[in-house]
Amino acid sequence: MTTSITGEKVQFELNYNVKTKTEISFHSHIEYEIYYFHKGKCRYLIGDKIYSLSPGDIIIMHGLTLHCAKIFEDEDYVRTSIHFDSKYYKEVLRTLGMEFVLVPFTTLQSYRVNLHGDEKEEFENLLKKMNEHNKIKNDVSPFRVQAGFIEMLTLIYTYFKKALDNKKDNKVSIGKMGHVQEVISFIDKNYMEEISLNRLENELHISKFYLSKVFKEATGFTIFNYLYHRRVNQAKVDFLMSSHASVTDISYKVGFKHPAHFSRVFKKITGVTPEDYKKSLLQNSN
């Protein structure tokens, strides 16, 4: 179930108690995310970390770190996810004097805590209540969802307080995160072109050495690792949408100068060659 608090632009999205299994490759997004694992089996990859999830696990993410879930065909996979616009909620919380509750997302970036006992029950009940208000769809229900969400952010702050206290000296500032987002936005718009550190420096007017350091610190990936993942993800989409296009054509389309380089990178990231990946898509469509 999905809800939008403010008109055309989605400021808040709730997907509650989802049981469907959909493989999603490494991805990132601007929105902050709250992910709650209800039951089943899952390995969650965030940057260079792999979490084997247990019921009651809650993960917060600022979204910029590449992440994906590894699911298992014969196991349940039940989760709730919330995506929200950090800028919008920062303004909402500022008027309440509560902007500090977003600190776990900026300081810890991506982090897991396991809830149990009363905390687990309280959090799950709040999720359930928010979803029920979301389904009613009357004049006040969106605001009741929003009120519940603000309460949730205060709970999350308390859950992650110990981790915050242990990581005060390792904080990535909001300003640095803004620079990381500039790099990601630039890559997403220009991944099909030649991108170098010199170009990023010239386009963004920020030192390439600084960008490299901050990007790795924030995402766990180098800039070029992210670029290659972005290109390979796009290649997968293009193989699906343009079944008659050749591997060579797709390699050029997503920004690789040499098809052989594309094949090496594609296999390293996916475990299969682009030819085999394309062949499997054709077989599954028959």
Filter segment 200-219 down to residues that are hydroxyl-bearing (Ser, Thr, Tyr) and more than 22 Å from Phe256 (Cα to Cα) and give me whichever is surrounded by the fewest Cβ atoms within 10 Å (Cβ to Cβ). Tyr210
Limited to segment 50-86, what total is found for residues that are in contact with a Gly (Cβ under 7 Å, 6 or more places away or on another chain) and either β-branched (Val, Ile, Thr) or in a loop (DSSP other than H, G, I, E, B) (or both)? 5
Counting only helices (runs of 4 or more DSSP H) wholly inside segment 176-252, the ones holding at least 3 residues that are within 16 Å of the chain's Cα centre (by Cα) are 208-219, 223-241
Boolean, Lys129 is in contact with a helix residue (DSSP H, G or I) (Cβ under 7 Å, 6 or more places away or on another chain), over 29 Å from Thr65 (Cα atoms) and not small (Gly, Ala, Ser): yes
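Within segment 241-258, which residues are in contact with a helix residue (DSSP H, G or I) (Cβ under 7 Å, 6 or more places away or on another chain), open to solvent by 40 Å² or more (accessible area, probe 1.4 Å) and not charged (D, E, K, R)? Lay out the reasoning, then the answer.
Initial filter on segment 241-258 (in contact with a helix residue (DSSP H, G or I) (Cβ under 7 Å, 6 or more places away or on another chain)): 243, 245, 247-248, 250-251, 253-256.
Subsequent filtering for residues that are open to solvent by 40 Å² or more (accessible area, probe 1.4 Å) retains 243, 248, 253.
Result: Ser243, Thr248.
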Output yes when any residue across segment 215-222 is among the aliphatic types (A, V, I, L, M), under 29 Å from Thr107 (Cα atoms) and at pLDDT 95 or above, and no when none is. no
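How many residues, within segment 109-157, are at positive phi and surrounded by 14 or more Cβ atoms within 10 Å (Cβ to Cβ)? Even if it seems obvious, please write down each step before you answer.
Residues of segment 109-157 at positive phi: 109, 117, 137.
With surrounded by 14 or more Cβ atoms within 10 Å (Cβ to Cβ) added as a condition, the list becomes 109.
Result for segment 109-157: 1.
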So Asp238 clears everything in (1) more than 20 Å from Thr65 (Cα to Cα); (2) loosely packed, with under 13 Cβ neighbours inside 10 Å; (3) in contact (Cβ under 8 Å) with a residue 12 or more places away in the chain; (4) not β-branched (Val, Ile, Thr) except one condition, right? Which one? (2)
The one condition Ile150 fails out of (1) aliphatic (A, V, I, L, M); (2) in contact with a strand residue (DSSP E or B) (Cβ under 9 Å, 6 or more places away or on another chain); (3) modelled with pLDDT of 95 or more is (2)
Of the residues in segment 262-286, those that are open to solvent by less than 60 Å² (accessible area, probe 1.4 Å) and in a helix (DSSP H, G or I) number 11
Restricting to segment 74-100, give me the number of residues that are small (Gly, Ala, Ser) and either within 23 Å of Phe37 (Cβ to Cβ) or touching a strand residue (DSSP E or B) at 6+ places or on another chain (Cβ under 6 Å) (or both). 2
Within the set of pairs 6 or more residues apart or between chains, which connect a residue that is within 22 Å of His258 (Cα to Cα) and touching a residue at least 24 places away in the same chain (Cβ under 8 Å) inside segment 176-199 to a residue that is assigned to a loop (DSSP other than H, G, I, E, B) and of a type in the set (A, V, I, L, M) with Cβ atoms less than 7 Å apart? Ile187/Ile195; Tyr191/Val254; Met192/Val254
Residues of segment 98-108 being assigned to a helix (DSSP H, G or I) and open to solvent by less than 40 Å² (accessible area, probe 1.4 Å), in sequence order, are Val101, Leu102, Pro104, Phe105, Thr106, Thr107
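The values are calculated or read from the model by the stated rules, or taken from the named source; none is laboratory data. What you see is a predicted model, and the numbers here were worked out from it, not measured in a lab. Neighbour counts are summed over all protein chains in view; Cβ atoms, including those assigned to glycine, are modelled from backbone coordinates with ideal geometry. For accessibility, only protein heavy atoms count, side chains too; no ligands or nucleic acids. Shrake-Rupley method; radii C 1.70, N 1.55, O 1.52, S 1.80 Å.
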